[in-house]
Amino acid sequence: MQIMKVKSNLLDILKKLKRLPQIVTPKDASLILGYTGTSPDSLIVDAGAGSGFLCIFLAYYCRKGKVVTYEKRSDFAEVVRKNVKISGLKNIVVKEKDIFKGIEEKNVDLITLDMQGAEEVVENAFQVLKPGSWLVVYSPYIEQVISVRNKIEGLNFTQIKTVENIVREWRAGRHTLPEVSGVMHTGWLTFARKIS
């Protein structure tokens, strides 16, 4: 039997990374790209870097652009730097800064927030987003969804929606049945598009 060597893809890379807190999973990260139509040359700001999974996912598909990820905890930022190095991607900037104190980038195409207190960043995010660009907030709790939507709905955003992305695998064989275990609910994604 001949053993074939295959090139690693993004999912292979993600398996090699150190994981700290809960991550935004590939099923949710792909929904972000799909719902926002983010182009490969986009400027993306990501906050609450955690382990860096989301910024790496976005940078992988937006290779002609740049992803700037904010992380205020130095221990997490160090893990993100190491994970970015493992990924081999060169279009990620890790900022060890508190995004509550401001967003330095301007004319941003996409902002993703995965952090406690995300609602307090919504107004600053609105200021630096280009018209037609997107804000996406990942929330583990419905109470945060409510707080985030209250802030978003007070600004000039459109196409506001909150989704729960549930994926259920099926077992095919003599009898076809849904799998009874697996990761289904991960969190909620709130999308909002800036119109002016």
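The values are calculated or read from the model by the stated rules, or taken from the named source; none is laboratory data. Every value quoted in this text rests on a predicted model; they were computed, and no experiment measured them. When we count neighbours, we look across all protein chains shown, and the Cβ atoms used for this are built from the backbone with ideal geometry, even at glycine.
Structure notes:
- The residues on offer are Val128, Val121, Val136, and the sole one that is among the β-branched types (Val, Ile, Thr), under 21 Å from Ser30 (Cα atoms) and either modelled with pLDDT of 95 or more or touching a helix residue (DSSP H, G or I) at 6+ places or on another chain (Cβ under 6 Å) (or both) is Val136.
- Residue, surrounded by the most Cβ atoms within 10 Å (Cβ to Cβ), within the range 70-103, restricted to residues that are touching a residue at least 60 places away in the same chain (Cβ under 8 Å) and under 14 Å from Ile13 (Cβ atoms): Asn83
- Test: Val67 is crowded, with 24+ Cβ neighbours inside 10 Å, touching a residue at least 12 places away in the same chain (Cβ under 8 Å), under 22 Å from Lys16 (Cα atoms) and not polar (S, T, N, Q): yes
- Residue in the range 33-50 that is closer than 19 Å to Glu164 by Cβ, without any contact (Cβ under 8 Å) to a residue 60 or more places away in the chain and either buried (at least 24 other Cβ atoms within 10 Å of the Cβ) or of a type in the set (Val, Ile, Thr) (or both) present: no
- Test for Pro131: is it in contact (Cβ under 8 Å) with a residue 24 or more places away in the chain, part of a loop (DSSP other than H, G, I, E, B) and either buried (at least 22 other Cβ atoms within 10 Å of the Cβ) or not small (Gly, Ala, Ser) (or both): no
- Taken together, the criteria exclude Arg174 from residues that are surrounded by fewer than 20 Cβ atoms within 10 Å (Cβ to Cβ), part of a loop (DSSP other than H, G, I, E, B) and in contact with a Gly (Cβ under 8 Å, 6 or more places away or on another chain).
- Within this structure, Glu71 fails the test of being charged (D, E, K, R), more than 22 Å from Val163 (Cα to Cα) and over 15 Å from the mean Cα position of the chain (by Cα).
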